[in-house]
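Just passing along the structure, written as C-alpha cells.
The values are calculated or read from the model by the stated rules, or taken from the named source; none is laboratory data. Predicted model only: the values in this text are computed from it and were never measured. So basically every Cβ, Gly included, is an ideal-geometry build from the backbone, and we count neighbours across all protein chains shown.
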Amino acid sequence: MTRTRLAAVVLSAGLLLMTAVVPLGALAATFNLTTPYPAVTIQPGNTVTFPLDIAVPVPERVGLTVSGAPSGWTADLRGGGNIVNAVFAGGTTAATVDLSVTVPQDATPGSRTLTVTATADQGTRTLPIDVTVLGDTSGAITLTSDFPQLSGSPTSTFSYTLTLANTGVQKQTYTLQGQGPDGWTVSVHPSSNGQALTDTVDGGATDTLSVTAQPPSTVTAGSYPIQVTVASGSQSATTNLEADVTGAPAVTLSTPNQVLNAQVTAGSTGTVSLVVTNTGSTVLQNVSVTASAPTGWTTTFAPTAISTIQPGSAATVTATLQPSSDALAGDYDVTFTATAGSATANVDIRTTVQTSPLWGFIGLALIVLVIVGLGWVFRRYGRR
C-alpha cells in the first residue's frame, strides 16, 4: 500500500470516528447572533422587544452585553423573567434572550443604533439594532361617528357608534370617558365588552365603541351636547355628539290640598280651586278647563284659558259652580278636564249640595206662628 493510499484510509477512519462521537448537526453549527426584526419604529413612551437567538457549535457559556442606548433610554437583556448577562448555548439548540428597549416620553425623534455583543470561546459576534423614534404623534388617535346627532323622546336612550383608530405603529390601551349635561348618564365601552372601561387597539388598526346617553326624568325639549374622550399617555382624541330631545306634552289636574270634595248650596254658588301642572317636556299653550256637571248646573272658570305653562310649572284656575235651584240635597260627581293640545287630564270632585238656610228660617217661622196661633186659640176659647 502506498503512502498516499494509507493517508486516505486514515483520514476516512478519522472522519467516521468523529461522526460517531459528535453529531453532524453540531459540526454544521456556527457561532451566530440573530433577531427576526433588527430595525423597528416606535412612538415615544413605549417599549419594544427584540427576540435574540444565540447559536454556538458546542455547548458553552456565551456572555452578552448591550451598548449604545441614549441617555434616558432603558435597554435590558431578559430571560426567564430576569435580567441576564450570559446564556448557556450549544449544539443544535439555540438559546433565546429578549432585548427590551424602553423609549422615554421626551425622546428626540430620529434613529438610534444599539449594539448587542455576544462573546464565547468561538469568538465575538455583534448585532446592530436600529430603533427609529417617531416625531409628533398627537394625531395618532382618531375618533369618528357616522351619526353624531340623534333625536328622541325624553324617555329615549340615545345610542351612538364610534370608530376608534390607532394610526400609530404600536399597540395602545386607551381610557374611555363620556360627559353629558347635569343629570345625564353617559356610558362608553368597546362594542365587544359592555363592562370594559378601556380599549386596546393594535397599531394601524381600528375598533368600535358604543356610547349610550340617558336623560334625566326632568329633561325638557332641546339639544344637549355629549362629549366622548379617549386617551393614552399624552395622546387624546375627543368627539362631540348631540342628543335632540323632542317635546312630549303632559298635564295633570288636581286641587291645591288634594281634597277632592266641595260643598255648595242649592240655588247658590260655590268655588273649587284647581291646579294645572305641566308634567311634560314642552311648553303647554292655550290650556283650558271644562266641567261635566249634572243637568241644570252652571260652571264658569277664571281665567277662562291659560296662554302658556312652562315645563315643571303650574297654574291655578278657580271654578264656580251653581246647582239648579231645585237641586235636591245630596252628593254629586263633577268631572273637571284640563286640555292642552293633545294632552288632557281629569279630576273628579264630589260635590255636596245643601238646602238653603232660608227654608230653615221659613220652616222655623211657620212653627212659631203655629204655636202662637194655638196659644191664642186656647186663651180665647178655652174658658168657654
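Is at least one residue of the range 225-234 β-branched (Val, Ile, Thr), closer than 30 Å to residue 283 by Cβ and not in a strand (DSSP E or B)?
Checking the range 225-234: not a single residue is β-branched (Val, Ile, Thr), closer than 30 Å to residue 283 by Cβ and not in a strand (DSSP E or B).
Moving to a separate point now. Restricting to the range 52-72, what's the tally of residues that are under 41 Å from the mean Cα position of the chain (by Cα) and modelled with pLDDT of 95 or more?
Of the residues in the range 52-72, 0 are under 41 Å from the mean Cα position of the chain (by Cα) and modelled with pLDDT of 95 or more.
Next question, about the same structure. What's the number of the condition residue 264 fails, among (1) within 22 Å of residue 251 (Cβ to Cβ); (2) out of contact with any Asp or Glu (no Cβ under 9 Å at 6 or more places or on another chain); (3) part of a strand (DSSP E or B)?
Result: residue 264 fails condition (1) only.
Select from the range 63-79 the residues that are surrounded by 13 or more Cβ atoms within 10 Å (Cβ to Cβ) and over 15 Å from residue 98 (Cα atoms) and list them in ascending order.
68, 69, 70, 73
A follow-up question, please. Here are the criteria: (1) free of Cβ contacts under 8 Å to residues at least 40 places away in the same chain; (2) out of contact with any strand residue (DSSP E or B) (no Cβ under 7 Å at 6 or more places or on another chain); (3) over 13 Å from residue 224 (Cα atoms); (4) not polar (S, T, N, Q). Tell me which single one residue 182 does not satisfy.
Tallying (1) free of Cβ contacts under 8 Å to residues at least 40 places away in the same chain; (2) out of contact with any strand residue (DSSP E or B) (no Cβ under 7 Å at 6 or more places or on another chain); (3) over 13 Å from residue 224 (Cα atoms); (4) not polar (S, T, N, Q), residue 182 fails exactly one: (3).
Restricting attention to the range 281-318, and to residues there that are out of contact with any strand residue (DSSP E or B) (no Cβ under 8 Å at 6 or more places or on another chain) and free of Cβ contacts under 8 Å to residues at least 40 places away in the same chain, which single residue is farthest from residue 245 (Cα to Cα)?
Across the range 281-318, the extreme among qualifying residues is 296.
Conditions tested, residue by residue: (1) over 39 Å from the mean Cα position of the chain (by Cα); (2) farther than 25 Å from residue 340 by Cβ; (3) of a type in the set (Asp, Glu); (4) surrounded by fewer than 18 Cβ atoms within 10 Å (Cβ to Cβ).
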| site | (1), (2), (3), (4) |
| --- | --- |
| 245 | no, no, no, no |
| 256 | yes, no, no, yes |
| 264 | yes, yes, no, no |
| 268 | yes, yes, no, yes |
| 274 | yes, no, no, no |
| 280 | no, no, no, no |
| 284 | no, no, no, no |
| 292 | yes, no, no, yes |
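State which residue pairs qualify: first residue farther than 14 Å from residue 119 by Cβ and assigned by TED's automatic domain parsing to the domain that holds residue 116 and inside the range 55-79, second residue part of a strand (DSSP E or B) and hydrophobic (A, V, I, L, M, F, W, C) in any location, beta carbons under 6 Å apart, and separation of 6 or more residues or different chains.
Listed pairs, sorted by first residue: 68/114; 69/75; 69/114; 75/66; 75/101; 75/114; 76/83; 79/97.
Also, I was wondering about something else. Any residue at all in the range 119-134 that is part of a strand (DSSP E or B), within 17 Å of the chain's Cα centre (by Cα) and in contact (Cβ under 8 Å) with a residue 60 or more places away in the chain?
no
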